[in-house]
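> Pasting a structure below so you can have a look.
The values are calculated or read from the model by the stated rules, or taken from the named source; none is laboratory data. It should be emphasised that the depicted structure is a prediction, and the values quoted were computed from it without experimental measurement. When we count neighbours, we look across all protein chains shown, and the Cβ atoms used for this are built from the backbone with ideal geometry, even at glycine. To get the accessible areas, we keep the full protein, side chains included, count just its heavy atoms, and leave off ligands, DNA and RNA. Shrake-Rupley method; radii C 1.70, N 1.55, O 1.52, S 1.80 Å.
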Amino acid sequence: VKVPKAKSAPPPQQQQASSTSPSMPGDSDMKEGVLSCKINDESDSVTDNVRVQVTSQYRPERSDEKLDKHCFAYNIRITNENKDTSVQLISRRFEIQTILSDKKDVVQGPGVTGRQPILKPGESFEYTSTAPLSVKPVNSTPVVARMQGEYSFVTLGGEDGTSPLSSTPLKAVLGRFHFVLPAMGLA
């Protein structure tokens, strides 16, 4: 009598390689390629006394238009505008939707660029990251993608000023901005 072999799960590295980024339904204007909001390649938002500023810039040296590969750098500056309270960045969550796509990709994880900075009152933390996009531009808009999100923070206090005061994180909004091809410009 032959006993069938039990199926086993693939090793963890194979499982990770085949998984995709979480996604969610996209905005209809991006799906249709006709944007219903002002096109901007920057944003500036303040939530719970934390300011998040972003600017984006096309990187032609890392792009190949013939292959519809477009790379953008975005610079983020986070400022603690609290007068007497320090905060620590714990995690981030971004939503990115390319033009004509019906879904947003969700990118989330601890900290930013491998760090979870503590910001004393008035202090800022700045970093630059890249968004390599594989997307075919459309004639109706210079936008190839839209991004927005949020950062989670904890308020710090206690005698040493480094103890979390709550287990419920604050959310600081990363306002919506666009990745805009320079040849087509801002509308």
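> Accessible area per residue for the range 92-187 in Å², computed with a 1.4 Å probe and the full protein assembly in place, what is it?
50
> Follow-up. For Gln108 and Arg62, FRET efficiency with R0 = 22 Å and r from the beta-carbon atoms, rounded to 0.05?
Computed FRET efficiency for Arg62 and Gln108: 0.35.
> OK, next. Report the normalised scattering of the chain as log10 I(q)/I(0) at q = 0.11, 0.19 Å⁻¹, calculated by the Debye formula with identical scatterers on the alpha carbons.
Each listed q maps to, in turn, -0.59, -1.25.
> Ignoring ligands, DNA and RNA, please state the percent of accessible area on the chain from carbon and sulfur, probe 1.4 Å.
Taking all protein chains in place, the chain shows 49 percent carbon and sulfur surface.
> Express as a percent, rounded to the nearest 5, the fraction of DSSP beta bridges in the chain (both residues included) that run antiparallel.
100
> If the range 85-134 were replaced by its equivalent ellipsoid, with semi-axes equal to the square roots of 5 times the Cα gyration tensor eigenvalues, what would those be, largest first, whole Å?
28, 11, 10
> Counting Lys +1, Arg +1, Asp -1, Glu -1, what net charge surrounds Lys69 among other residues with beta carbon under 15 Å of its beta carbon?
Net local charge, Lys69 excluded: 0.
> Also, quick follow-up: Any of Lys38/Lys69; Lys66/Lys136; Lys31/Lys104 with alpha carbons more than 21 Å apart? Name them for me.
Pairs exceeding 21 Å: Lys38/Lys69.
> Moving on. Report, to one decimal in Å, the Kirkwood hydrodynamic radius for the range 78-187 based on all distinct Cα pairs.
Kirkwood hydrodynamic radius for the range 78-187: 15.9 Å.
> Now a separate question. Once you've got the GNM for the chain with C-alpha springs shorter than 10 Å, pick whichever of Arg93, Arg62, Arg176 has the biggest mean-square fluctuation.
Arg62
> Given labels modelled 7 Å from the Cα in the Cβ direction, how far is it in nm from Lys69 to Thr168?
4.7
> Build a GNM of the chain with springs between Cα atoms under 10 Å: which of Thr113, Thr141, Thr55 gets the top mean-square fluctuation?
Per the Cα network of the chain with a 10 Å cutoff, Thr113 tops the list.
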